[in-house]
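FYI, it's all coordinate maths here, none of it is from the lab. This structure is a prediction, so every number in the text was calculated from the model and none was measured. Don't worry about glycine lacking a Cβ; one is built from the backbone with ideal geometry, like all the others, and counts go over all protein chains shown.
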Amino acid sequence: MDKKLIDESKKYLMNTYNRVPIVLRKGRGMKVWSSDGKEYLDFIGGIAVNCLGHCHPRVVIALQKQAQRLLHVSNLFHIEQQINLARLLVEHSFADKAFFCNSGAEAVEGAIKLARKYSRDHFPDDRYEIITARGSFHGRTMAALSATGQEKLQAGFEPLLPGFRHVPFNDIGALRDAVTKKTCAVLLEPIQGEGGIRMPSDDYFRQVREICDEHKILLILDEIQTGMGRTGRLFAYEHFDIKPDIMTVAKGLGGGTAIGAILAKDSVAASFKHGSHGSTFGGNPLACAAAVATIEMLLEDGFLLDGCRREGRYFIDKLEKLRKDFPAIIIEVRGSGLMIGLELARDGGPIVEACAKRGILINCISGNVLRFTPPLIVVEKEIDHLIDVLEDIFDRQSQ
Ligand SMILES: *Cc1c(COP(=O)(O)O)cnc(C)c1O
């Protein structure tokens, strides 16, 4: 343990994160190494960011090449890498247009602005409300936080931005009842990530789409966590046989580089005109070069997406077996692709710690849900190793 650095971390950084006492210094593929040389198998993957694994050579080379050529230019000019990235996203999604920013929260902020502007352009002035879900997570900036359905994250930051109504996730009746003349959009995660890997029922999103169509309400999907191959499709909405009107992506988009995007259909994107929205760093050449390399890798031969589906099924099967062996400890296994949660009947903190001691990084959300979002390159024997370690930890806890 690197005591000096960790002491300085506490001294110089705002205390916003409850950090594990490990300083990570190097990463390759599924592995990371701490400053004291200990090796870890990374089942967090930067929270669904490092989709190709750490320091994927294609991403590193794209960054190196771009860094030598052009780091930043203003959006006052056309930017080649940004255009290439937009084309890739448009060609492989429902969208016709992209806007680039630097993070998930910033993408959500922009999506909320776009939905409101679209509504102003097409409907009476007081149609601005957005329905979102309880237990959702959309980011930490004020509008994104107001959209987020978790009071514990909002406490102390009031007054929140007006115009959000929260309904239980996966409850189509509650959503239908929440629609009023003021509703302009519905904003949902396809699978709730930070809320504890909460899955929708099979026909929930089809019904959400129907309600939106019936009332001419925009459907905004927040695919910041579920996107970029995480669930075994490039975007999770592809599982539901529907299309959103607006979508936010970030996390995995840059393969480890900070970038976010708002994607929209032409009819909606048209409401953003010259001067409607902007971002100094949004879509900068460096981040876009990394994102182009990342998407090209994800789409090449479908190799990574196939692997994600196959390893994801294997992973979930193994966790289900574990659940049968430890019914007093494990409540439920949930997930899709390599976005997997294991709900426990106890605090997950000690298990995260025990795993770290044994060289495996996982994290715990909502107090009792272990979350696994490894790089999409994870293989069976690495999953087997995690399962063995969990089995051993649960065994000791049962005694
Ligand atoms: C992580 C996340 C965000 C926020 O992204 P940041 O880059 O941390 O601002 C928003 N929505 C979802 C679904 C997320 O998982």
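The table below gives the values:
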read-out: The range 124-169-the range 300-358 distance, computed between alpha-carbon centres (Å); value: 30
read-out: Residue 314/residue 113 FRET efficiency (R0 41 Å; Cβ-Cβ; nearest 0.05); value: 0.50
read-out: Helical contribution to [θ] at 222 nm, DSSP H n ≥ 4, -39,500 (n - 2.57), averaged over the chain, rounded to 500; value: -12000 deg cm²/dmol
read-out: In the range 1-35, chymotrypsin sites (Phe, Trp or Tyr not before Pro) in a DSSP loop with at most 10 other beta-carbon atoms within 10 Å; value: 17
read-out: Residue order, fewest to most surrounding Cβ atoms within 10 angstrom, among 391, 380; value: 380, 391
read-out: Helix axis angle, 80-91 relative to the chain longest principal axis, alpha carbon, degrees; value: 90
read-out: Cβ-Cβ FRET estimate between residue 280 and residue 303, R0 fixed at 30 Å, reported to 0.05; value: 0.25
read-out: Förster radius 56 Å - calculated FRET efficiency between residue 69 and residue 177, Cβ distance, rounded to 0.05; value: 0.55
read-out: Under 5 Å, built H, 5+ apart or other chain: amide partners of residue 330; value: 345
read-out: The range 240-302, relative contact order in percent, only Cα pairs under 8 angstrom and at least six apart counted; value: 35
read-out: Sorted by Cβ neighbour density within 10 Å, fewest at the top, the residues 30, 199; value: 199, 30
read-out: Sparse-neighbour loop sites [chymotrypsin sites (Phe, Trp or Tyr not before Pro); the range 151-255; at most 11 other C-beta within 10 Å; DSSP]; value: 157
read-out: Long-range Cα-Cα pairs in the range 261-396 (distance over 20 Å), rounded percent; value: 58
read-out: Neighbour count of at most 11 Cβ within 10 Å plus DSSP loop: longest trypsin sites (Lys or Arg not before Pro)-free window in the chain; value: 1-180
read-out: Taking the C-alpha atoms of the chain, convex hull volume expressed per residue in Å³; value: 151
read-out: Nearest 10 degrees, 0 to 90: helix 380-398 Cα axis against the chain principal axis; value: 70
read-out: Relative contact order %, the chain, counting alpha carbon pairs below 8 Å whose residues are six or more apart; value: 22
read-out: GNM top mover of 172, 44, 112 - the chain, alpha-carbon springs below 10 Å; value: 172
